[in-house]
2 protein chains.
Amino acid sequence: MSETRALAELAKRRGFFFPSNEAYGGTAGFYTYGPEGAALKRNIEDAWRDLFVRELGNMELEAPTIMPEAVFEASGHLEGFDDMIIECGECGATHRADHLVEDAVEDIEDAEALGAERVAELITEHRIVCPSCTTPLAEQPVEEFNLMFGTNIGPGSGSPGYLRPETAQGIFVEFPRLKEYARNTLPFGVAQIGRAYRNEISPRRALVRVREFTQAELEHFIDPEHDEPPIERVEDIELPLYSAAAQQDDGGTVEYHTVGAALDAGILESEWVAYYLGRAVPFYERIGIDMDRFRYRQHLAGERAHYAADCWDAETELGGNWIEITGFAHRSDYDLSKHGEYADDSFTIFRQYDEPQTVERATVDPDMSYLGPEFGSDAAAIVAELESLAGRDRAAFEGESVPVEIDGTMHAVPVDKTGFSVEEQTETGEHIIPHVIEPSFGIDRIVYSVLIHTHGTDLVDDETRTFLELPATIAPTTVAVVPLMTKDGLDDRAREVTDRLRTAGFEVAYDDSGNIGRRYRRQDEVGTPYCVTIDYETLEDDTVTVRERDSTEQRRVEIEGLPTALERLVSGAALSEL
Amino acid sequence: MSETRALAELAKRRGFFFPSNEAYGGTAGFYTYGPEGAALKRNIEDAWRDLFVRELGNMELEAPTIMPEAVFEASGHLEGFDDMIIECGECGATHRADHLVEDAVEDIEDAEALGAERVAELITEHRIVCPSCTTPLAEQPVEEFNLMFGTNIGPGSGSPGYLRPETAQGIFVEFPRLKEYARNTLPFGVAQIGRAYRNEISPRRALVRVREFTQAELEHFIDPEHDEPPIERVEDIELPLYSAAAQQDDGGTVEYHTVGAALDAGILESEWVAYYLGRAVPFYERIGIDMDRFRYRQHLAGERAHYAADCWDAETELGGNWIEITGFAHRSDYDLSKHGEYADDSFTIFRQYDEPQTVERATVDPDMSYLGPEFGSDAAAIVAELESLAGRDRAAFEGESVPVEIDGTMHAVPVDKTGFSVEEQTETGEHIIPHVIEPSFGIDRIVYSVLIHTHGTDLVDDETRTFLELPATIAPTTVAVVPLMTKDGLDDRAREVTDRLRTAGFEVAYDDSGNIGRRYRRQDEVGTPYCVTIDYETLEDDTVTVRERDSTEQRRVEIEGLPTALERLVSGAALSEL
């Protein structure tokens, strides 16, 4: 059984995740996290929050998932967030047209870039058939399908809304208010952990391509000219880099460089992107990603969004495939510029000069008693053109008359009728559009990667054991309390210990069902790092055994000191050090 | 300014919550939590999880917000989750028709119960006009508007889906799997904290009536005949009860009874509902609800869903209005029965008998070689009727022939051709449909109540001070570190202390902007319970002052012991006890 199938079986049986609504035949692309999975996911989100919000002193907000259409007109999602689809004329099944072409035609790796028309031609030329019913798809139209889930806000269809395709937009649209919370000072970061939605044509690979998912996104707003990241904090962190050059080179592979060295060598272009690539490594390590199955891959020129200055993905290897789990993008001023253009508010920030600056401003004050009679219905357009001209080309006002072109016709306006003058003004700063650095984490894919990377088997007492080697701070349950027997007061004592550990803040499971070996296996399988066993010795001397998942070793500890002992273990101490 | 308006102003200015998408003109019914509000909300959710999941040993899951139509056919939301609306023929504005009638006609308090037709008549009879443009609404149709947000899953409109109107359905539909995680043993509880959606016609009152909100719901599955709650754990907790009888009685008011006394007096009918009313009190207290502005109100007979056995709401008083913040419902077997009926899986659980039971089962084994020729095309229907008859009326087989009615025609089947026999079977248990007890918390309304109840002003040094008296465990920031000056190394020292406290796990703000009094005020206003001030004495003897928000008193503490001192304060110690 492949590692992804083995994990899917475990995930369903033990309550990590499973396809939603199976009692109703299932709903492709939707998964429910069971008790173990919901706890694991929450622990991973908390670890992210700890590193990317609290430690970096960023803000966090929580915005609605439904947003009005105007937002996505500005962001470009309404126009451009499409997949190419083709519908079978026979069976009615819908498929990704570009994927069909990529699968059928050698040498085509990015069919989407060819356009719908060319893709339709290729489908006809190569006699591509419907994967569901094998009817030829020739002559079927290829259409653009918008991946946003649409809905209506309020009664009627007058207020279309969409489920956000990324949490980022909920941050961008509130920039005018967020900058006030940041006291109008760059740089500042705003994070959000929440649901996002994409109406995928072909959901697949368990949690990898789903229709509803959780993102953890950080939008770091910077002054592109003046702000630099504290690169010294990460410069010695080693990164596994798979550069665009290496990808295009036949023998190219992942190379290991420190952040500092990669910047010096020009492999990383943006210091800000480099900073976050470095910052993210301790996060992946902390939550249990196998760093031997991890790499940073640079986007190829064709992959990159047109506004993105530099882009790297964090990828994990799962069942032989590399999967994107995080995107690190320099989004430049694209998002704030677009919202500034479409929305009715200011998406700039005031940058104070070090010293006030004196600048010359040219203005006009046209004599309408002359322009009106002289130019009639063109007068207003002439005034507008004079104003524009004063700003961009003072030389035009140096002659006796100013040439102005309106709808192809040249007019000459006497300079003394334009009211042209140049004045000195003192300015203390200027309004700039911040740039955005965005690390965007796909939480579900990260949960999935952690499960696959920590899932394994070994031999214990000649029996095969299945385990999840989850870090103690991430595991759904930190400690399981197991009474040797459910008699002679052992179970009562075990419940007392359970309560005591819960009060001390641990995630505790109580398990008294089946023989003790089977209970250990059950805990190993869901990744519980420690078991505490209550036996007859406990009743005599108030000690318990602590069993470690990874080594299966045991050690006796006094109940009195149990919370402290467990805290030390969780913080990384070895059992032998207790 | 009313307390709700004062709070709304503070909430927007300081980043608790604000209307979403204001740069695009706003979207009614949608709010964004800013940095302070998102942290407060998360702390309240964590407190809920602590009490209702961890302490009670319940499971928690996380399900998608989009669910397929079949789920809501079963749950009844597709058919019955409607509001009555009327559209103005003149200006096109849409209004709640039942609300217009309630506002205009004396003595009508629940117009919805009258039905759409009668409401339309009342609008005509009472010459009710459009509140937007004052055009008479007479003769305009009153329609039922479904409050679920609809969308389509995948391309085309073949797979309608809806945003869940309550998180509960994501739990109910997975019952067949959840019972396995509970090892097929009742009772067990499953909780979920997540978004839910209602496409309200008239969103209003800030966070009270919104279109997208967060619920924390617990579905406790019980065996209605055998399971009893551990009522002894809550029986001495005092509840402010506003019973249905008191509401209908002219002088009726809230009465205080312990859980035990209210059950004995019959004010509370269901022990399970009583148990959760008791369990919830420490939750409300812990998060800062003013219990003098809190009550439990019983649903009146007309208010209650037809399946609900008993229903109480927790309500808070906000700006003179009582608002529901939690519903406690005994949902009986309604939900699981419906899903069992509509879905393709079993929504029952096997209840083992204490002892295996021997029961008699009557069966038939008809002689088809006789029935076929004798009854022709009616034979199959006759067999079905004989099987049914054997189960429900053995006496029918006591004569020589059995009378069977098919489509109004009576047939007589000789008993010896029916193969009737009675056999003894041993059964170890039976399949039962669990009942559901549901405490359902509206997190946004709770956040809003906490803010309004803790918001106040007083006089400090003859100046009006605005504060939020948030409990230390719930406040967005636990401690603010403020250097007296940003020179002479005071600020560096303050940053060191900030880092140290963050490492110790506290939520810390660093604030060095403006005079010290203003900084204290700023922290008071967002509810930060403690400020740590770094001054010149700090540089000499490594001590700082700790200032308490509520008393504004200060006390010197050694930096070395600061984390421990703060932990004690957060746990409830007074400043004077340090």
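The values are calculated or read from the model by the stated rules, or taken from the named source; none is laboratory data. Since this is a predicted model, take the numbers as computed values, not measurements. Cβ coordinates were reconstructed from backbone atoms using ideal geometry, including for glycine residues, and neighbour counts include every protein chain displayed. What goes into the accessible areas is simple: the full protein's heavy atoms, side chains included, and nothing from ligands, DNA or RNA. Shrake-Rupley method; radii C 1.70, N 1.55, O 1.52, S 1.80 Å.
The label point for A:Ser132 and the one for A:Asp378, both projected 7 Å from the Cα toward the Cβ, are 6.3 nm apart.
Each residue, A:Met368 and A:Ala113, gets one label point 7 Å from its Cα in the Cβ direction; the gap between the two is 5.5 nm.
Summarised in one figure, the compactness ratio Rg/Rh of the range A:10-115, Cα atoms and Kirkwood Rh, is 1.09. Assign one of three labels to the range A:171-282, namely rounded, prolate or oblate, based on the Cα gyration tensor with a ≥ b ≥ c the square roots of its eigenvalues; rounded applies when a/c is under 1.5, prolate when it is not and a/b is larger than b/c, and oblate otherwise. Since a/c reaches 1.5 but b/c is at least a/b, the shape of the range A:171-282 is classed as oblate. Expressed to the nearest 5 percent, the antiparallel share of DSSP beta bridges inside the range A:452-578 is 65 percent. Full extension of the chain segment joining B:Trp322 with B:Leu578 gains 88.1 nm, where the gain is 0.36 nm per residue of separation less the Cα-Cα distance. Measuring r between the beta carbons of B:Gln247 and A:Asp492 and using R0 = 60 Å, the FRET efficiency lands at 0.85. Modelled spin labels at B:Arg556 and A:Glu79, positioned 7 Å past Cα toward Cβ, are 6.6 nm from each other.
Shown for the range B:68-103: residues covered by the partner protein chains by 30 Å² or more of accessible area relative to the chain by itself (probe radius 1.4 Å), namely B:Pro68. Expressed to the nearest 5 percent, the antiparallel share of DSSP beta bridges inside the protein assembly as shown is 90 percent.
For an R0 of 41 angstrom, estimate the FRET efficiency from the Cβ-Cβ distance between B:Arg293 and A:Asp345 and round to the nearest 0.05. Result of the calculation: an efficiency of 0.65.
Hull volume per residue, based on the alpha-carbon atoms of the range A:435-489 and their convex hull, is 135 Å³.
Across all C-alpha atoms in the range B:370-469, the radius of gyration and Dmax reach 35.2, 105 Å. Our summary gives chain A a relative contact order of 12 percent, counting only alpha carbon pairs under 8 angstrom and 6 or more residues apart. Here the range B:355-383 is scanned for amide nitrogen atoms under 19 Å from the site 7 Å beyond the Cα of B:Arg394 along Cα-to-Cβ, giving B:357-366.
In the range A:193-231, the residues that give up 50 Å² or more of accessible area when the other protein chains are added, compared with the chain on its own (1.4 Å probe), are A:Arg195. What's the angle, to the nearest 10 degrees (0 to 90), between helix A:35-49's Cα axis and the longest principal axis of chain A? The angle comes out near 50 degrees. Computed from the Cα positions only, the extents of the range A:55-164 along the three principal axes stand at 53, 43, 23 Å, in decreasing order. With a/c under 1.5 counting as rounded, go ahead and sort the range B:433-578 into rounded, prolate or oblate using the C-alpha gyration tensor (a ≥ b ≥ c being the square roots of the eigenvalues; past the cut-off, prolate if a/b is larger than b/c, else oblate). Cα axes put the range B:433-578 in the prolate bin. Nearest 0.05, what FRET efficiency do B:Cys91 and B:Glu463 give at R0 = 41 Å with Cβ-Cβ as r? Efficiency for this residue pair is about 0.25. Enclosing the Cα atoms of the range A:520-578 in their convex hull gives a volume equal to 78 cubic angstrom per residue. Comparing Cα centroids, the range B:1-79 and the range B:199-265 end up 21 angstrom apart.
Computing the accessible area with a 1.4 Å probe over protein heavy atoms, can you report the carbon and sulfur percentage for chain A? So the carbon and sulfur contribution to the accessible surface is 43 percent.
Placing +1 on the Cβ of every Lys and Arg and -1 on the Cβ of every Asp and Glu, with no other charges, gives chain B a dipole of roughly 2760 debye about its Cα centre.
Between the listed residues B:Met368, B:Ala565, A:Thr503, the Cα displaced farthest toward the positive end of the dipole of the protein assembly as shown, a dipole computed from Cβ unit charges relative to the Cα centre, is found at B:Ala565.
When the accessible areas of B alone and A alone are added and the area of the pair subtracted, with a 1.4 Å probe, the result is around 5900 Å², both sides summed.
With respect to chain B, whose longest principal axis is taken over its alpha-carbon atoms, helix B:490-503 is tilted by about 20°. Take A:Asp458, move 7 Å from Cα toward the beta carbon, and the resulting point lies 5.9 nm from the same point in each other copy, nearest first. Computed over the Cα atoms of the protein assembly as shown, pair by distinct pair, the Kirkwood hydrodynamic radius stands at 34.5 angstrom. For the range A:468-527, the square roots a ≥ b ≥ c of the C-alpha gyration tensor eigenvalues yield an a/c of 1.5 or more together with a/b not exceeding b/c, which makes the shape oblate. Relative to the Cα centre, the charge distribution of the protein assembly as shown, modelled as +1 at Lys and Arg Cβ and -1 at Asp and Glu Cβ, gives a dipole magnitude of about 1480 debye.
Taking the centroid of alpha carbons for each part, the range B:517-567 and the range A:405-433 are 57 Å apart.
Rounded to the nearest 10 degrees, the angle from helix A:443-454 to the longest Cα principal axis of chain A is 40 degrees. Inter-copy label distances at A:Thr503, using a point 7 Å along Cα-to-Cβ, come to 3.1 nm with the shortest given first. Sorted from greatest to least, the principal axis extents spanned by the alpha carbons of the range B:71-121 come out as 37, 29, 15 Å.
When the alpha carbon gyration tensor of chain A is reduced to an equivalent ellipsoid, the three semi-axes, largest first, read 58, 32, 22 Å. The phi torsions of the range B:470-484, fed into the Karplus equation with coefficients 6.51, -1.76 and 1.60 and a -60° offset, translate into couplings of 6, x, 4, 7, 10, 4, x, 10, 8, 8, 10, 9, 10, x, 4 Hz, rounded to whole numbers, with Gly and Pro shown as x.
Rolling a 1.4 Å probe across the protein heavy atoms gives chain A an accessible surface of 44 Å² per residue. Compared with the alpha-carbon gap, the fully stretched path from A:Glu139 to A:Ile237 is longer by 29.9 nm at 0.36 nm per residue. Short-range pairs are left out: with C-alpha atoms under 8 Å and at least six residues apart, the relative contact order of the range A:1-41 is 34 percent.
Taking the Cα centre of the range B:200-280 as origin and assigning +1 to Lys and Arg Cβ atoms and -1 to Asp and Glu Cβ atoms, the resulting dipole is close to 780 debye. Relative to the current alpha-carbon distance between B:Ser401 and B:Ala261, full extension at 0.36 nm per residue lengthens the span by 44.3 nm.
Each of A:Ser576, A:Ile193, A:Val413 was placed along the dipole of chain A (beta-carbon charges, centred on the mean Cα), and the one lying farthest toward the positive end is A:Ser576. When cysteine pairs in chain A are screened for C-beta atoms closer than 4.7 angstrom, the residues that find no partner are A:Cys311, A:Cys531.
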